[in-house]
Amino acid sequence: MPELFDKHGGFRRLHSFTLATIVQLDTLRFCRRFLTQDPRETGAKFYDPKGRQYDQMTQAARSGRQNIIEGSERSSTSKDTEMKLTDVARASLSELRGDYEIFILDRGELPWSVHLPEAKAINTISLDDPPFKDDMVHESAKHALEQRKKYARWLDADDPVVVANAMLIIIGRALNMLKSQIEAQGKAFEETGGFSERLMNKRLEARDQQKAADAPDCPQCGKPMRRRKSAKGDFWGCSTYPDCKGTRPA
């Protein structure tokens, strides 16, 4: 029988979490660099008079990363909650992707085609597995920054459209990873059930064990007996019936 509690946590080992960390950090940086509330600032700036675009983008980026964390931590007691929170992470990053797309369109340009060399170069970047030892938080942060260096050529560009396009592709990769995670979580739920189902099975197993401990042994084969009912009243019958037809009065 499966263990009552699933393993939880482990999100720091997920490539989706590494990308979500990069996305949150660089969305904060993007907004500081390229969004302005001052109409006197022109050039490569996006006018955001009330700061709403800044808030929406940074909050969507935060929600993407934080819901991966919360879903992973809740996985031990609720596979359903884990799937829902992973889906919330995916929805938040999808919303953020839409903001970057609008930023590009507002500049009179189009998002990069997947066939362009720059897009292909970003898409072919592979992430390293995190080399964790005994200092998970420190090593996880260091790992994310090391992986960001692979995208630095685009993320550190002076042209905000280049940065926005790079973010579109990185977010897209994170979304694909999260989709695969949700599918794997659903499959695990089908195979082993959630916490509630396993808790019920554990209770039934414990009840059967208690009943077996209280039952007498069969006089014919020595196996545990089970309490049974008949028209004449209750009696003990062998648990291996019909192989053994031993009985005892209740």
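Derivation of every value follows stated rules applied to the coordinates shown; laboratory data play no part. Keep in mind it's a predicted model, so treat the numbers as computed, not measured. All Cβ positions, glycine included, derive from the backbone under ideal geometry; neighbour counts span all protein chains shown.
Couple of notes before you dig in:
- Long-range HN-HN contacts of Leu35 with modeled amide H, under 5 Å: Phe46
- Amide H contacts of Gly246: Cys238, each under 5 Å away and 5 or more positions distant or on a separate chain (H built 1.01 Å from N in the peptide plane; Pro and chain starts excluded).
- For the range 229-241, 3J(HN,Hα) per residue [Karplus equation, 6.51 cos²θ - 1.76 cosθ + 1.60, θ = phi - 60°, Hz, x = Gly/Pro]: 10, 9, 4, 8, x, 6, 7, 9, x, 4, 5, 9, 3
- Ordering 173-181, 216-224 by mean Cβ neighbour count within 10 Å, with the highest value first, yields 173-181, 216-224.
- For the range 22-30, Karplus couplings with θ = phi - 60° (6.51, -1.76, 1.60), whole Hz, Gly/Pro x: 4, 4, 5, 4, 7, 6, 4, 5, 4
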